[in-house]
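Beneath this line is the structure, given in structure tokens, with notes to follow.
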Amino acid sequence: MSAGGEGIDVAGLHKDYRVHRRKTGMLSTVRSVFRRTYETVHAVRDLSFSIEPGERVGFLGPNGAGKTTTLKILSGLLHPTAGRVAVAWHEPRLRHSSRWPAVGPNCPMNLTSSRRSFFRCSARGSSRFSSW
């Protein structure tokens, strides 16, 4: 992890979902009420990386590669199946209120992306978008 603990550190991250699968047809629909067949879907497998403070990174990959799932785990919205995640020495899944003040109901989601950036910078005291 980075010196001082202010970076992002991910080691051996896994996220699996248990999904109900059924065949098509009316009989299969009725059967699925009493006996369900489940399948495990692997959204993220063995992901490890470290981001130092001030470093800019891109998160690229094909559809279904686990980009959104990883970002949700980093923000604390999802819990990993296995692995270790640390953002500034804190586990995001614990959602410490002092570390995540702009996540939750006080962050309006109906804004355009540029206005949302302005809102987040304003909430953190940045003057980058002070001309708005």
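The values are calculated or read from the model by the stated rules, or taken from the named source; none is laboratory data. All values reported here derive from a predicted model rather than from experimental measurement. Note that each Cβ is placed from the backbone with ideal geometry, even for glycine, and that neighbours are counted across all protein chains shown.
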* Asked: When both residues are 6+ apart or on different chains and their Cβ atoms are under 8 Å apart, which pairs have a first residue that lies in the stretch 25-47 and is at pLDDT 90 or above, and a second that is of a type in the set (Asp, Glu) and not in a helix (DSSP H, G or I)?
  -> Thr40/Asp16; Val41/Asp16; His42/Asp16; Ala43/Asp16
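Return the total of residues in the stretch 48-74 being touching a residue at least 24 places away in the same chain (Cβ under 8 Å) and in a helix (DSSP H, G or I).
Here is the first cut: in the stretch 48-74, the ones touching a residue at least 24 places away in the same chain (Cβ under 8 Å) are 48-53, 55, 66, 69-70, 73-74.
Next cut, in a helix (DSSP H, G or I) only: 69-70, 73-74.
The total comes to 4.
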* To do: For Lys15, indicate whether it is under 21 Å from Leu94 (Cα atoms), assigned to a strand (DSSP E or B) and basic (Lys, Arg).
  => yes
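Name the residue that is farthest from Leu13 (Cα to Cα), counting only residues in the stretch 49-64 that are touching a strand residue (DSSP E or B) at 6+ places or on another chain (Cβ under 8 Å) and surrounded by 10 or more Cβ atoms within 10 Å (Cβ to Cβ).
Ile51
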